[in-house]
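The values are calculated or read from the model by the stated rules, or taken from the named source; none is laboratory data. What you are looking at is a predicted structure, and each value in this text was computed from that prediction instead of being measured. Note: accessible area is taken over every heavy atom of the protein model, side chains too, but ligands, DNA and RNA are not part of it. Shrake-Rupley method; radii C 1.70, N 1.55, O 1.52, S 1.80 Å.
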Amino acid sequence: MIRKILVPVFLLLLISCEKTFDTEILKFYGDAYENIGYSVAKGPDGYLIAGQYTRIERTYEGIKGSLKKLGVIETDIDGGMVRLDTTSLMQPSCGTRIISSDDGSFVVAGNTTDPQGQTDIYVAKFAPGGEGGKDAFFKMDGYQTANDIIKTAEGFLILGTTDAERGATGDLGNTKGKKDLLFLRINNDLSVISSVQTGFTGNDEGAAIKLKDNGFIIVGTTDRYRNATGNDVFVLSTNSELDISPTSFRFIQKSGNQSAADFEVLSDGLFIAGTNESDAGMHGYAWRITGGILGNITSENEISFGEERTIINSICPYKTNSFLMAGQYGSASSGSMLIFATDMLGFPVQGKSKIAGGTGNQTVHDVITDGEDIIVAGRNSYENNSMITLLKFRF
């Protein structure tokens, strides 16, 4: 069951702090404990931020209890909080990816944890304005999480991760306890059409999935060739039935420990972004592939803004022939939000970068554009608490 929460003015003052500048808007949403913004999308009248919202139960004696819930913050165009949408599920959950429709409805893919500690994929579909909807969770053997979701002709396709045992052998084999890719096909009523588990030997985790011709492209991270000592980026393609053959994937290998964050499908190939950790430190990285997934890597570029670490979590197209990248710059304990523009080869554009710091440890998990505006969602942590963050600005 979907639940809509209208926020009265006096409560809004408690859970939505703001800081407004001439050229940017910075907002924080949440209450005590842990609140995280993982994904942002355009809404009919502003923006939708999906993530984890901690509901606090208070008494006259103080805080009696709390529950981490999948939550969606609906805002106006200036980031002002309109309402909080959540579900009635009474076990811990969170939303990791949100997609919205032209009619104002939206779907969130995420995870829930049962009383035995098993994590399963959880999906909530909200009607326009949060006025009703439905939710469903998909219980399977082992541990499952949702990494991405896209709209399809039959409903939705979820890219997830599972550690359930799979009996196949060879390059596409795996054993129980190792991470695998999980594709979950569901219809518009959130009922399962089919599920496919696949991957390589070792641990594999998909970062993003996108439509391509009559199938899909998936980019992620694998330790297939590293024996758990490090990771490489993988790219694979499937048809509409999610069939994968040994000739429909490739690995991008280089020195260091790589992880994929996001990618874009181009008219002549792919643009992939992620992070590479080596003896020189942790830096962003971008690869340009021309042609199909087995085409030439025509550009690879390390991205750094100083001596401290640079992490890429999300990318999106920006204006004409450029991209936006977003993540974190700084130390693990005191990082800042990082947003910057690159050209089509992944080289940062001069004068188009922003490192937004302040009290606490801040990071960006997702970035989108709205005309000239750049909107990011993330997390601001301070001591034992964290807030959902929205930053809107222009270069």
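Points to keep in mind about this one:
- Sequence of GLU61, GLU24 from largest to smallest accessible area, 1.4 Å probe: GLU61, GLU24
- Exposure ranking of ASP135, ASP189, ASP85 by accessible area [1.4 Å probe, largest first]: ASP189, ASP135, ASP85
- Gyration tensor verdict on the stretch 126-279 (Cα atoms; rounded if a/c is under 1.5, prolate if a/b is larger than b/c, oblate otherwise): prolate
- Solvent-accessible area per residue, Å², over the stretch 301-395 with all protein chains present [probe radius 1.4 Å]: 41 Å²
- Within the assembled protein chains, the solvent-accessible surface assigned to PHE395 is about 70 Å², based on a 1.4 Å probe.
- ILE312 sits with roughly 10 Å² accessible to a 1.4 Å probe, with DNA, RNA and ligands left out of the calculation.
- Computed with the Debye formula from one identical point scatterer per Cα of the chain, without solvent, the log10 of I(q)/I(0) at q = 0.06 Å⁻¹ comes to -0.22.
- Ranked order, LYS125, LYS42 - accessible area, probe 1.4 Å, largest first: LYS42, LYS125
- Three-way shape label, the stretch 266-381, alpha-carbon gyration tensor, a/c 1.5: oblate
- Anisotropy class of the stretch 110-216 from Cα gyration tensor, a/c 1.5 cut: oblate
- Solvent exposure of LEU390, expressed as accessible area, is near 0 Å², computed with a probe of 1.4 Å over the protein chains only.
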